[in-house]
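One structure below.
The values are calculated or read from the model by the stated rules, or taken from the named source; none is laboratory data. Bear in mind that the values here come from a model prediction, so they are computed numbers and not experimental data. Here the Cβ positions follow ideal geometry from the backbone for every residue, glycine too, while neighbour counts run over all protein chains shown.
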Amino acid sequence: MQVYALCDRDALRSRKITLEQFVHKAKEHNATILQYRNKSDSPDTIRHELIALRSLWGKTLLINDYYELVALCDGVHIGQEDLYAFDPNPHNAMAKLKQTIGNTKIIGLSTHNRQEIAIANTLAIDYIGLGAYRATSTKKEACVLGEDLDALASHSIHPVGAIGGVRLDDTFTYVTYLVIGTGLL
């Protein structure tokens, strides 16, 4: 399994960890993807930090939610609510997103259950995030899937990133990416 580093700005701040320190740890753990998530700063601050991350990280860099900043990185990861904000029909929503960001950018979509995976299977996306595996402090409202996560992952036609409370020593059969945030530290 590959390590997918989730750089959550609020979590880093709470632990007094710099972006540089996080990127260093992601590199130490041979992460192949880094997703930048920032739920509290202005778009301008997020843009500046994304530019800084791009200079530190030479591999795949994704932005969480802020698809309007996708030109600064390799793609975007969106949640269910973000997808349906484009259009109530997921196919139309994905068409609108691709029209906005282009066809060459990576798109990841959060999923939480078999129904969302089934819909994701019909969409032109690059991977799904599935979870939460365990309870996590960054997503208090997350529904914990626990051991059911791997069985659910088997239903995806896309690569699967296990999200939420994932650790480096976790093992799965149907998961491609261990999506790990401050657990890298």
Exercise. Specify which of the listed residues (124, 85, 71, 95) is small (Gly, Ala, Ser), closer than 24 Å to residue 2 by Cβ and either assigned to a loop (DSSP other than H, G, I, E, B) or out of contact with any Lys or Arg (no Cβ under 8 Å at 6 or more places or on another chain) (or both).
Key: 124
Practice problem: Among residues belonging to the range 13-57 that are assigned to a helix (DSSP H, G or I) and of a type in the set (Val, Ile, Thr), point out the one that is surrounded by the most Cβ atoms within 10 Å (Cβ to Cβ). | Solution: 46
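This table checks each residue for (1) farther than 19 Å from residue 78 by Cα; (2) at pLDDT 95 or above; (3) among the charged types (D, E, K, R).
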position: 126; (1), (2), (3): no, yes, yes
position: 139; (1), (2), (3): no, no, yes
position: 159; (1), (2), (3): no, yes, no
position: 165; (1), (2), (3): no, no, no
Quiz item: What is the one condition in (1) surrounded by fewer than 16 Cβ atoms within 10 Å (Cβ to Cβ); (2) farther than 21 Å from residue 156 by Cα that residue 92 does not satisfy?
Solution: (2)
Self-check item: Residues located in the range 72-101, provided they are charged (D, E, K, R) and over 19 Å from the mean Cα position of the chain (by Cα)
Solution: 87, 96
Quiz item: Hey, does the range 102-113 have a residue that's closer than 14 Å to residue 67 by Cβ, of a type in the set (Lys, Arg) and under 19 Å from the mean Cα position of the chain (by Cα)?
Solution: yes
Practice problem: Look at the range 29-49 and say how many of its residues are in contact (Cβ under 8 Å) with a residue 12 or more places away in the chain and either over 23 Å from residue 159 (Cβ atoms) or β-branched (Val, Ile, Thr) (or both). | Solution: 10
Quiz item: Which residue pairs have Cβ atoms under 8 Å apart, sit 6 or more places apart or on different chains, and have a first residue in the range 95-114 that is more than 15 Å from residue 85 (Cα to Cα) and a second that is assigned to a strand (DSSP E or B) and of a type in the set (Ser, Thr, Tyr)?
Solution: 106/60; 106/127; 108/127
Quiz prompt | Boolean, residue 104 is touching a Pro at 6+ places or on another chain (Cβ under 8 Å) and assigned to a loop (DSSP other than H, G, I, E, B) | solution = no
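Take residue 85 and decide whether it is buried (at least 18 other Cβ atoms within 10 Å of the Cβ) and not polar (S, T, N, Q).
no
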Quiz item: Within the range 142-185, how many residues are more than 19 Å from residue 107 (Cβ to Cβ), assigned to a helix (DSSP H, G or I) and touching a helix residue (DSSP H, G or I) at 6+ places or on another chain (Cβ under 9 Å)?
Solution: 3
Quiz item: So residue 129 fits all but one of (1) farther than 21 Å from residue 46 by Cα; (2) in contact with a helix residue (DSSP H, G or I) (Cβ under 8 Å, 6 or more places away or on another chain); (3) assigned to a strand (DSSP E or B); what number is the exception?
Solution: (2)
Quiz prompt | Residue match in the range 117-132 (condition: polar (S, T, N, Q), more than 25 Å from residue 60 (Cα to Cα) and touching a residue at least 12 places away in the same chain (Cβ under 8 Å)) | solution = no
